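Novice: Take a look at this one; I'll ask things after.
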Amino acid sequence: MPFWLDDELLFRLNYGPASSQDIERVKTQNGKSNYFPLFPRNIITSNRATITLLDRPLATKYVAALYGKTDTRSMESVSRSLISEFGYNTASIKTYSLVWVENFVVYHVWNKYYSSSILGEETRPSMAAVVMDMLDMIEYFNSIDRSTRPKALSEWLADFLASHSLQSLRTDKDFDHNWACEGYLADLFSIVACLPRDEYSTLGPPVELGWDPNVDATVSGRISVGRSSTSLLSKSFPGPEVFGFPDVPAVEEKGFVSLEDLDASFIESGAFRFRLTNRIGQHLMVDSDNNIYLYKNAEKLTVRAAGDVDFTDHPLSLEIYGAHTWRGYETVYWLC
Amino acid sequence: MPNQNPLPDLEAAGTDEVSWITKKDYVSIRSLDFYPDNETKAETKARLKHAVRIQRESYGTGSKHSG
């Protein structure tokens with residue numbers, strides 16, 4: 001019987017209060033990672049996608065807020081009857097969003113060195129509290145008119161913070177609101193927006209901006225520490241920029257140039273070679289080795305159905321925005 | 001105060017162990033006192049208990065939900 005299939009434990013993790021032992025139980029077993037390795041390689045070996053901590057009504061609400069009314073266990077190549085009450089549909093791309101939320105709470109929000117001055121030094125919000133704030137964030141960004149003058153994401157987050165009474169933030173002490181926006185709330189946004197960790201990463205969100213400056217204290221010397229990019233904060237919204245996609249320049253018409261003869265074989269007959277990329281931002285870019293990159297949607301549904309998927313990665317597929325609530329923005333509209 | 005020291009790149013390090021997390025790193029979880037769909041605390045607890053019981057029973061019977 002899975003250790004996590006315990007109604008008292010699930011209640012405590014979702015709604016509190018829960019002890020440090022409860023968190024330890026979730027994170028580790030026999031001194032090693034339990035069913036929640038930080039970056040499980042795939043669901044066959046890690047079994048991660050079949051373990052659900054988030055209370056099901058909240059999971060349903062979250063997915064519905066992102067993708068419209070849907071069942072977290074529903075369809076998309078798999079019969080609902082084959083998925084248990086606590087199961088995830090491993091064939092659904094929506095499963096990514098739920099796994100990202102749960103992992104974020106377990107490994108970030110419940111880490112002593114993550115946004116401690118914002119979330120609390122000794123106690124942290126429950127999983128439900130974080131998800132409720134994410135639901136508020138989705139609704140807030142949904143309410144922004146598409147024709148609104150774009151401004152930096154950090155400004156939107158500051159407005160969101162000022163206009164909402166968030167459940168996950170500490171109430172016992174005042175805190176630095178700028179730091180909350182540039183760290184914790186930016187990480188929340190990256191999960192809601194389904195952004196990769198950074199523009200060069202295959203990992204899923206968060207963008208890792210909310211760690212305390214002294215996070216080095218938690219890591220051993222053998223693990224390399226990278227630097228998170230803060231560029232997300234200055235990207236403008238509404239618009240495609242915040243999603244990592246550059247604005248598409250207008251096509252300039254030149255009557256004296258015929259493009260008809262410039263087919264792939266003609267181009268490859270010369271100095272250039274085509275290469276596939278799973279990053280749309282690289283589409284039709286040329287590198288110093290004369291490689292021309294062509295965008296290819298990275299992940300296919302059949303791959304997920306086979307189970308050989310790491311749901312903590314980013315699918316690097318536009319399919320994740322196919323029914324996303326922000327698809328209506330010009331941000332991603334042209335991509336889907 | 002943007003973060004200057006983000007998560008270690010465990011993927012690059014080729015490990016999924018969490019030995020770098022020690023007991024002193026743990027925190028506790030505070031109470032929310034707010035439940036979905038206007039449920040009371042007792043109703044939420046009862047719903048979870050029922051769902052878990054159904055799931056645990058399916059493990060015992062080896063049903064299709066036992067995986």
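Throughout, read-outs are computed from the coordinates displayed, never taken from laboratory work. Owing to the predicted nature of the structure, the values given are computational and were not obtained by experimental measurement. Please note: Cβ atoms are built from the backbone with ideal geometry, for glycine as well, and neighbour counts cover all protein chains shown.
Novice: Residue by residue through A:103-116, how many Cβ atoms from other chains fall within 10 Å of the Cβ on average?
Specialist: 2
Novice: Using amide H atoms built in the peptide plane, which far-off residues or other-chain residues are under 5 Å from A:LEU294 H to H?
Specialist: Long-range HN contacts for A:LEU294: A:ARG275, A:LEU276, A:THR277, A:LEU284.
Novice: From the phi of every residue in the range A:124-137, what ³J(HN,Hα) in whole Hz does the Karplus formula 6.51 cos²θ - 1.76 cosθ + 1.60 yield, where θ is phi - 60° and glycine or proline is x?
Specialist: Taking θ as phi minus 60°, the curve returns 10, x, 6, 4, 5, 4, 5, 5, 4, 5, 5, 4, 4, 5 Hz for the range A:124-137.
Novice: Of the peptides A:164-170, A:11-17, how do they stack up when ordered by the mean number of other Cβ atoms within 10 Å, highest first?
Specialist: Taking the mean over residues of other Cβ atoms within 10 Å, the ranking is A:11-17, A:164-170.
Novice: What base-10 log of the normalised intensity I(q)/I(0) is obtained for the range A:112-172 from the Debye formula, alpha carbons as equal point scatterers, at q = 0.14, 0.18 Å⁻¹?
Specialist: -0.47, -0.72
Novice: To the nearest 20 debye, what charge dipole does the range A:159-207 have about its Cα centre, counting +1 at the Cβ of each Lys and Arg and -1 at the Cβ of each Asp and Glu?
Specialist: Once rounded to the nearest 20, the dipole reads 160 debye.
Novice: Determine the shielding of peptide A:3-13 by partner chains: average, over its residues, the number of Cβ atoms on other chains within 10 angstrom of each Cβ.
Specialist: 4
Novice: Counting Lys +1, Arg +1, Asp -1, Glu -1, what net charge surrounds A:LEU169 among other residues with beta carbon under 14 Å of its beta carbon?
Specialist: That works out to -3.
Novice: A follow-up question, please. Quick one: which residues, 5 or more positions from A:ARG124 or on another chain, have an amide H under 5 Å from its amide H? H modelled 1.01 Å from N in the peptide plane, none for Pro or chain starts.
Specialist: B:SER28, B:ILE29, B:ARG30
Novice: Which whole-Hz couplings ³J(HN,Hα) result when phi for each residue of the range A:109-120 is put into the Karplus expression 6.51 cos²θ - 1.76 cosθ + 1.60, θ = phi - 60°, listed in order with x for Gly and Pro?
Specialist: So the Karplus estimates, Gly and Pro as x, are 4, 9, 9, 4, 9, 10, 6, 5, 6, 9, 9, x Hz.
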